[in-house]
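This report refers to the structure that appears directly beneath it.
The values are calculated or read from the model by the stated rules, or taken from the named source; none is laboratory data. Keep in mind that this is a model prediction, so the values were computed, not measured. Note that each Cβ is placed from the backbone with ideal geometry, even for glycine, and that neighbours are counted across all protein chains shown.
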Amino acid sequence: MSAEYDATEFVDGDFQAPPKGAYAGSASASGATLSRAPSREEVDTRVGEAQRKLAELKRAQEELERERAGLEETRRRQIEYQTGRAETIRNLTRAVGLLTEAEFTARRDAEQIAKALIDLRDGLSKVEATTDQHWTQDNFNSELTKALTVIENARMEWNAARLKFPALSDTAGGPSGGSGGAQTALGLIDGRGFGELCKLGLALTWPVAAVLFLLGILMLVLRH
């Protein structure tokens, strides 16, 4: 015999209508949850949490501000270091170059001065050694020639030193020596006639003429 027919086997429970009053109960429960006002304790709790979060954010902001200030100070010091290093290297390099050149120039000048001193001292000693106290009739011409040669050599050393070292020209006559000499010369020739000027010129140039005359005699003697 076949089994007894059961009508519930062909019914899907998902498509069955819910019992009466089921939707009404759930809707009323959700409405009660959404419409309920927060209590005083809940509000106080939320306010406390908000204040706590604000305090934490404020502390974090202060910490970031301190970190930012420290980083800015570090950056400023780094810029100061780089700028100061470059400037100091540039200034010291220039100073070393200038002082090296100055040292070289000073050494060269010192060597030239030392050489000039040797020559001038040698010339001075030779000129001071010349004297006419022991000249005789026999050695007069030769001794005079030697003395004039020594004086001329010393004069050449003096003129060469004056050209190399301007300080010698400055101290030769002094700052007012040139103007004083010019005023003296003008005072000598001022108001004098031609004849007096000729006599004055002869008086001033006769030592040179005498030296030239003696040199001429010496040359004649040497030729014979």
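Structure data summary
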{"quantity": "Options Thr88, Thr136, Thr131; residue that is more than 30 Å from Leu163 (Cα to Cα), of a type in the set (Val, Ile, Thr) and surrounded by fewer than 10 Cβ atoms within 10 Å (Cβ to Cβ)", "calculated": "Thr136"}
{"quantity": "Residue check for Arg121: charged (D, E, K, R) and modelled with pLDDT under 80", "calculated": "no"}
{"quantity": "Residue check, Thr145 modelled with pLDDT of 90 or more and either part of a helix (DSSP H, G or I) or surrounded by 13 or more Cβ atoms within 10 Å (Cβ to Cβ) (or both)", "calculated": "no"}
{"quantity": "Residue satisfying condition, being assigned to a helix (DSSP H, G or I) and free of Cβ contacts under 8 Å to residues at least 12 places away in the same chain, within set Ile151, Ile118", "calculated": "Ile118"}
{"quantity": "Evaluation of Ala55 against (1) modelled with pLDDT under 50; (2) surrounded by 10 or more Cβ atoms within 10 Å (Cβ to Cβ) (one fails), failing number", "calculated": "(1)"}
{"quantity": "From the options Arg68, Arg107, Arg75, Arg94, residue that is at pLDDT 90 or above, closer than 30 Å to Ala160 by Cβ, charged (D, E, K, R) and not in a loop (DSSP other than H, G, I, E, B)", "calculated": "Arg107"}
